[in-house]
Amino acid sequence: MAKKKPKQSSNTIAKNKSARFEFAISDEYEAGMELQGWEVKAIRSGKVNISESYVFLRNGEAFISGVQITPLNAASTHVVADPTRTRKLLLNRREIDKLMGAVNRDGETIVALSMYWKGSWVKLKIGTAKGKKLHDKRADKKDKDWARDKARIMKSSLR
């Protein structure tokens, strides 16, 4: 008798959709996060928002601030839950050095792109980015609209 495979759900917890619209992403990195127990429980229930977050470097370490993790009602009573505390990102020394170079030398910023599960670990995809000008945003919107219209035209022509 064959065992049924469990239904594969999406590993993505949260996405920062505005980051790709507001910034031109050049490099992407995968970072772990230093979390407390109540935070992991809240993330499992989907109570997280990374749209207002930003990454900064201090003393050779990377931190993320502005991630909103709403505590559950049944969270532990002996821990004071701070939903927007600064959390440490876990990266290799080589990756931190590349990020420092991009920020200091090239004037780029580091943005959080998405949060997802990798096994039982919460990972954060971050990217170095430069801000887009208004005309770049308009061009991206125009290209996106044309791709959607082209797909519609191709679909109707195949019928």
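The values are calculated or read from the model by the stated rules, or taken from the named source; none is laboratory data. Predicted, not measured: the structure shown is a model, and the values here were computed from it. Here the Cβ positions follow ideal geometry from the backbone for every residue, glycine too, while neighbour counts run over all protein chains shown. Accessible surface is based on the protein model in full, side chains and every heavy atom, while ligands, DNA and RNA are left aside. Shrake-Rupley method; radii C 1.70, N 1.55, O 1.52, S 1.80 Å.
Pairs of Cα atoms under 8 Å, at least six residues apart: use those to get the relative contact order of region 27-146, whole percent.
Worked out over region 27-146, it gives 30 percent.
In Å and whole numbers, how far do the C-alpha atoms of region 26-85 stretch along each principal axis, longest first?
Computed over region 26-85, the largest-to-smallest principal extents equal 40, 24, 18 Å.
Take the Cβ-Cβ distance between residue 78 and residue 21 as r, set R0 to 35 Å, and report the resulting FRET efficiency rounded to the nearest 0.05.
0.25
Please report the net charge: other residues with Cβ closer than 13 Å to the Cβ of residue 139, K and R +1, D and E -1.
Here the count lands on +3.
Computed on alpha carbon atoms, what radius of gyration and Dmax characterise region 4-159, expressed in Å?
Both quantities, over Cα of region 4-159: 18.8, 63 Å.
I want the local charge near residue 102. Using Cβ-Cβ distances under 14 Å, sum +1 for each Lys or Arg and -1 for each Asp or Glu among the other residues.
-2
How large, in percent, is the carbon and sulfur part of the accessible surface of the chain at a probe radius of 1.4 Å?
Ligands and nucleic acids excluded, carbon and sulfur reach 51 percent.
What is the pair-distance distribution P(r) of region 68-142, computed from all Cα-Cα distances in 10 Å bins starting at 0, with each bin given as a whole percent?
Cα pair-distance distribution for region 68-142, in percent: 14, 30, 30, 20, 5, 0.
With every protein chain present, what is the per residue accessible area of region 71-159 (1.4 Å probe, Å²)?
Per residue, region 71-159 has 72 Å² of solvent-accessible surface.
Less than 13 Å Cβ to Cβ from residue 73, Lys/Arg counted +1 and Asp/Glu -1: what total charge do the surrounding residues give?
Charge balance in the 13 Å sphere: +2.
Please compute the length gained on full extension between residue 120 and residue 152, using 0.36 nm multiplied by the number of residues separating them and subtracting their Cα-Cα distance.
This chain segment gains 7.5 nm when fully extended.
Roughly speaking, what is the centre-to-centre gap between region 73-104 and region 23-60 when only Cα atoms are used, to the nearest Å?
One Cα centre to the other: 7 Å.
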